[in-house]
Every structure is written in structure tokens, then in C-alpha cells.
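Visitor: Just passing along the structure, written as C-alpha cells.
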């Protein structure tokens with residue numbers, strides 16, 4: 001069965017510094033992977049998705065993620081953090097277990113310091 | 001094209017009452033998913049429906065919870081005889097096909113007193 005592990009439950013960065021949110025996946029075949037962002041008391045917004053095309057995926061708001069099969073990783077990065085990036089980030093794998101379903105990581109809360 | 005709509009956004013119920021949560025998928029989407037998010041946790045899959053059919057309910061509690069997606073109208077997640085442990089945010093998502101990205105609604109935050 002597919003799964004994702006988000007290695008950090010909390011990450012703090014200073015405004016203007018790079019962001020790295022880590023995600024490792026487990027899958028017996030080439031997975032579809034997603035990053036979603038959730039602002040406080042809001043729904044989830046898709047940042048980017050990987051579906052076996054280019055391994056470097058660019059998303060919205062300056063975020064990008066690189067699919068590395070050899071490391072089974074799909075880390076989310078941004079060159080320069082903005083205060084508005086403070087939110088919860090979820091790494092998601094599309095799993096097939098009879099039917100397709102999303103399997104969520106436990107989330108990483110990003111704090112941006114002024 | 002309006003996004004996924006959920007109502008109510010906030011729902012307060014006393015123990016033993018029923019809660020009905022509604023979800024209208026995006027236009028053209030026939031696949032609907034329900035998730036539950038407990039405080040400080042990620043989202044957990046509950047049920048996947050297509051029009052008039054439950055495709056996968058492996059994440060649904062065996063008792064008190066039911067879901068439907070009728071031919072006309074929104075999808076409904078129904079919780080009977082609510083208990084305090086049902087307090088959570090319930091999110092609905094929709095997609096065009098089962099292997100495509102899902103679009104999420106704003107959620108319904110259920111509080112059981």
C-alpha cells in the first residue's frame with residue numbers, strides 16, 4: 001500500500017529565507033503525488049502535483065517540488081518565505097487499493113518569523 | 001465555475017442529535033469524497049461516492065455514519081446520535097475522474113456539546 005511520511009511536524013523560518021518541507025513516499029509503482037496548503041480554518045488548496053511527467057514540478061506562489069525516485073522523496077521548496085506562507089502543508093499520495101484514494105501525510109506546520 | 005461548496009460552515013449539535021453535512025461538487029465533477037480532520041491531525045478518508053453509488057466506504061465508522069450522493073442535489077454526510085468524539089472538521093472533495101486531482105471545499109466544522 002502507498003503511504004507518505006512528512007518528516008517534520010513543525011518548521012520555522014525567517015521571512016526571506018528558503019523553505020524546505022520534507023516528504024517521503026512509499027509506493028510499489030510510480031505514484032501521483034500532491035502538495036496541498038491549508039490556512040487556519042480554511043479548506044485545502046492545491047500547490048502542485050506530480051504525475052510522472054517532469055520530475056521538477058512548479059506550483060503556485062513560488063513553490064516547487066522535485067520527485068526523486070532514488071530517494072523516494074518529494075520535498076517542497078520555496079526560495080524565499082513570505083509571511084503569508086504560514087500555514088499547514090500536506091503531502092498526499094494517490095493510492096490504489098481497489099479504488100483510488102488520497103492518503104495524507106500528517107502535515108507540517110510552517111511558521112514564518114518576521 | 002464555482003468551487004466545491006459545503007454547508008453549513010459551522011454546525012453545533014448536542015449529544016444524541018443528528019448532524020447533516022452537505023456538499024455540492026464542482027460543475028462537471030461526478031466523484032465525491034468525504035474526509036474527517038481531527039484537531040492537529042491530517043485528513044482521513046471516509047467515503048467515496050459517484051452519483052447514486054457508494055464506491056468505497058472503508059473509512060466510515062460502522063455505526064451512526066452514512067453518506068449519499070443522489071441523482072439530483074448535493075452529497076450528504078449524515079451522523080446520527082452524535083457524540084463528543086465526532087467533533088471535527090469534515091471536508092468534501094470532488095474530481096472529474098477517480099485518478100485525477102481532487103478539489104476541496106471549505107469544510108464544515110462540527111462541534112458536539
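Visitor: Tell me, what is the percent relative contact order of chain A, built from C-alpha pairs under 8 Å that lie six or more residues apart? Walk me through the numbers on the way to the answer.
Guide: Numbers: 294 pairs, mean separation 42.5, N = 114.
Rounded, it is 37 percent for chain A.
Visitor: Any chance you could tell me what percent of the C-alpha pair distances in chain A go past 16 Å?
Guide: For chain A, the share of Cα pairs beyond 16 Å comes to 56 percent.
Visitor: Something else about it: Report the equivalent ellipsoid semi-axes for chain B in whole Å, largest first, defined as the square roots of five times the eigenvalues of the gyration tensor built from alpha carbon atoms. List each step's numbers first, then the result.
Guide: On the way: eigenvalues 99, 39, 35 Å².
So the equivalent ellipsoid measures 22, 14, 13 Å along its semi-axes.
Visitor: On average, how many beta carbons from a partner chain sit within 10 Å of the beta carbon of a residue in A:40-51?
Guide: Values: counts 0, 6, 3, 12, 11, 3, 4, 0, 0, 2, 0, 3.
Partner-chain Cβ atoms within 10 Å, mean over residues of A:40-51: 4.
Visitor: Defining a contact as two alpha carbons under 8 Å apart and six or more residues distant in sequence, what relative contact order in percent does chain B show?
Guide: On the way: 289 pairs, mean separation 41.9, N = 113.
Worked out over chain B, it gives 37 percent.
Visitor: So, one more: For region A:40-114 and region B:1-64, what is the separation of their Cα centres, given in Å?
Guide: 23 Å
Visitor: So, one more: Would you mind checking the radius of gyration and Dmax of the protein assembly as shown based on alpha-carbon positions, in Å?
Guide: Using the Cα atoms of the protein assembly as shown, the pair Rg, Dmax is 17.7, 51 Å.
Read-outs throughout are calculated quantities, based only on the coordinates presented, and are distinct from any laboratory measurement. Every value quoted in this text rests on a predicted model; they were computed, and no experiment measured them. When we count neighbours, we look across all protein chains shown, and the Cβ atoms used for this are built from the backbone with ideal geometry, even at glycine.
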